[in-house]
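Please read the structure below before turning to the comments.
The values are calculated or read from the model by the stated rules, or taken from the named source; none is laboratory data. This is a predicted model, so every value here is computed, not measured. Every residue, glycine among them, receives a Cβ derived from its backbone with ideal geometry; neighbour counts consider all protein chains shown. Protein only, heavy atoms only, side chains kept; ligands, DNA and RNA dropped before computing areas. Shrake-Rupley method; radii C 1.70, N 1.55, O 1.52, S 1.80 Å.
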Amino acid sequence: MKYTITLLPGDGIGPEVSGAAVRIVEATGVEIEWECCLAGIDAVDAGMETLPESTLDSVRKNKVALKGPITTPVGKGFRSVNVGLRKALETYVSLRPVRSWKGLKTRHDDVDLVVFRENTEGLYAGREHEVVPGVVEALKIITADASRRIAEYAFEYARWTGRSKITAVHKASVMKLSDGLFLDMCREVARRYPFITYEEQPIDKVAMQIVLDPHRFDVLLMENLYGDIMSDLCSGLTGGLGVAPGANIGDDCAVFEAVHGSAPDIAGQNKANPIALTISAAMMLRHIGERAAARRIESGIERVLVAGEVRTGDMGGRASTTEITDAIIAAMPSPEEVAE
Ligand code: NAI
């Protein structure tokens with residue numbers, strides 16, 4: 001079977017890491033026709049909108065996309081293409097698995113949790129205005145529908161994957177109405193899953209506890225901004241942004257992308273770690289049913305990390321993006337080795 005998948009290479013380190021991920025996916029032999037599309041500054045340079053309709057149409061048609069990071073100007077300039085993409089495609093679930101890799105030395109071993117971040121509203125609704133000079137208001141939008149659907153996804157995911165506990169993360173002591181509504185919806189959904197332990201914890205307490213002992217958490221469920229911050233924090237528990245994958249999932253489409261951004265400080269230098277986007281690509285392969293190929297990629301990564309000879313700078317080594325990509329391809333087990 002040949003798949004058609006939209007590829008958004010992104011900018012900054014995007015083309016380097018997406019080029020690496022595509023090479024590794026192709027090395028599995030899964031046949032994919034990549035429909036390459038532009039967004040962000042590259043689209044503007046090509047005389048298009050920041051988020052061209054043709055790019056959205058491609059993802060809507062193919063239902064699946066692999067995406068590199070896209071730069072957002074800070075404070076001025078165009079609004080985030082990443083946020084725009086999630087809203088336009090209604091990919092309301094941000095799923096970010098956080099797991100330890102053998103061979104990567106971190107403070108804690110055997111971390112295995114999942115962060116669910118609501119992807120379409122909260123402070124990312126982008127509703128900001130100046131009330132009077134010197135006073136700006138940003139609206140945090142929380143709706144019952146969006147809160148319920150992310151909670152439903154998280155509970156269903158926990159059920160499929162055999163996870164036993166969900167922690168709703170909030171600051172309802174201060175944001176009584178908005179975070180209060182989010183929690184109401186989580187509780188409503190939790191009642192339908194009596195076999196999954198449900199608890200609620202304030203974000204500040206979770207931030208401290210997770211650094212001390214990540215093993216006490218299983219699935220973390222939260223609104224947009226908390227999820228953004230907690231996913232970077234969690235990536236730090238397991239080796240950093242260079243190995244933190246993610247997926248944005250909706251009822252119609254799924255876009256697979258790493259947690260990290262476009263890393264302008266190392267862009268164009270063949271230094272970026274392609275593992276985060278490559279694990280995201282393995283999640284994509286699993287999503288389309290190519291489970292064996294996904295396992296081969298993950299084993300290849302694990303073997304390279306365990307051997308410890310080829311590492312990019314963020315993992316304490318000196319290897320280039322190209323070298324680690326070659327090493328992962330060479331280390332990938334054969335299809336027979338991962339046969340079920
Ligand atoms: P960043 O994630 O790009 O970089 C933070 C630090 O991590 C930098 O020191 C960078 O060199 C390092 N890093 C990130 N990914 C790495 C990798 N694969 N290998 C080795 N080192 C890596 O975060 P930053 O600097 O805050 O954002 C840069 C731009 O990316 C901004 O315009 C931001 O809006 C955008 N961004 C885009 C995202 C997306 O497309 N989904 C997500 C996060 C940020």
*Go over the candidates VAL169, VAL111, VAL115, VAL74 one by one and state the one that is of a type in the set (Val, Ile, Thr), within 16 Å of the ligand (Cβ to nearest atom) and buried (at least 18 other Cβ atoms within 10 Å of the Cβ).*
VAL115
*asked:* Just checking, does the range 284-303 include any residue being of a type outside the set (A, V, I, L, M), open to solvent by less than 10 Å² (accessible area, probe 1.4 Å) and under 14 Å from the mean Cα position of the chain (by Cα)?
replied: no
*Being of a type in the set (Lys, Arg), surrounded by fewer than 22 Cβ atoms within 10 Å (Cβ to Cβ) and away from the ligand (no atom under 16 Å from the Cβ) narrows it down to one of LYS102, LYS87, so name that one.*
LYS102
*From the set of residues in the range 206-230 that are within 15 Å of the ligand (Cβ to nearest atom) and touching a Leu at 6+ places or on another chain (Cβ under 9 Å), which is farthest from ASP179 (Cα to Cα)?*
MET230
_Filter result (more than 15 Å from the ligand (Cβ to nearest atom) and under 21 Å from LEU241 (Cα atoms)) within the range 253-282_ = ALA282
